[in-house]
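Colleague: Below you will find the structure I want to go over with you.
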């Protein structure tokens, strides 16, 4: 069952209305720490430093099921390059600020701050890796 956002998914899992779900570690971690949710697999290529005893999906027999969670900033296609460059610099600087970096680290995420080209390449690589799954399952956008 698809959900329109993490908060609805977590509410359904916490209430017991659904038996399990897939969420980003950064949003699930507070509930895992409290004991309200139990982590059963990590979808990243390697184990989380915050949950070293939780095996990856590959380790549990599902190679190719890895998927990195990420957040990014996007702008309209016709945004002038100087504006994009400044936005990227400011966002990267904020991501590296000690306060934000510490909070993001506490949630088990990576603050990022990569270049626009690196981010674009990462998004394209993930889309390409998921394309065969989407085709095999005959998924269609809503």
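The values are calculated or read from the model by the stated rules, or taken from the named source; none is laboratory data. Just so you know, these numbers come straight off a predicted model, no measurement behind them. Here Cβ is always computed from backbone atoms with ideal geometry, including for glycine, and neighbour counts include all displayed protein chains.
Colleague: Residues to consider are 44, 75, 39, 85; find the one that is modelled with pLDDT of 90 or more, closer than 22 Å to residue 121 by Cα and not in a helix (DSSP H, G or I).
Modeller: Going through 44, 75, 39, 85 in turn, the sole match is 75.
Colleague: Report whether or not residue 10 is more than 16 Å from residue 106 (Cβ to Cβ) and touching a helix residue (DSSP H, G or I) at 6+ places or on another chain (Cβ under 9 Å).
Modeller: yes
Colleague: Of all residues in region 18-36, count the ones that are within 19 Å of residue 66 (Cα to Cα) and either part of a helix (DSSP H, G or I) or modelled with pLDDT of 90 or more (or both).
Modeller: Of the residues in that region, 5 qualify.
Colleague: Please verify whether region 93-101 includes one or more residues that are out of contact with any strand residue (DSSP E or B) (no Cβ under 8 Å at 6 or more places or on another chain), part of a loop (DSSP other than H, G, I, E, B) and farther than 30 Å from residue 18 by Cβ.
Modeller: The answer is yes; a qualifying residue exists.
Colleague: Please list, ordered by first then second residue, the pairs with beta carbon atoms under 9 Å, 6 or more apart or interchain, first in region 121-142 and more than 14 Å from residue 65 (Cα to Cα), second exposed (fewer than 10 other Cβ atoms within 10 Å of the Cβ) and at pLDDT 85 or above.
Modeller: Final answer for the pair search is none.
Colleague: Let me ask you something else. Pairs needed: first member in region 84-108, on the phi < 0 side of the Ramachandran plot and in contact (Cβ under 8 Å) with a residue 60 or more places away in the chain; second member anywhere, surrounded by 12 or more Cβ atoms within 10 Å (Cβ to Cβ) and assigned to a helix (DSSP H, G or I); C-beta distance under 6 Å; at least 6 residues apart or different chains.
Modeller: Matching pairs, first to second residue: 107/26; 107/29.
Colleague: Taking region 29-50, which residues are out of contact with any helix residue (DSSP H, G or I) (no Cβ under 7 Å at 6 or more places or on another chain), surrounded by 13 or more Cβ atoms within 10 Å (Cβ to Cβ) and either in contact (Cβ under 8 Å) with a residue 40 or more places away in the chain or under 24 Å from residue 102 (Cα atoms) (or both)?
Modeller: 29, 30, 32, 42, 43, 44, 47
Colleague: Quick one: in region 66-85, of everything that is under 14 Å from the mean Cα position of the chain (by Cα) and surrounded by 10 or more Cβ atoms within 10 Å (Cβ to Cβ), which residue is farthest from residue 43 (Cα to Cα)?
Modeller: 73
Colleague: Could you tell me which of the residues 110, 105 is modelled with pLDDT under 85 and outside any loop (DSSP other than H, G, I, E, B)?
Modeller: That would be 105, the only listed residue that is modelled with pLDDT under 85 and outside any loop (DSSP other than H, G, I, E, B).
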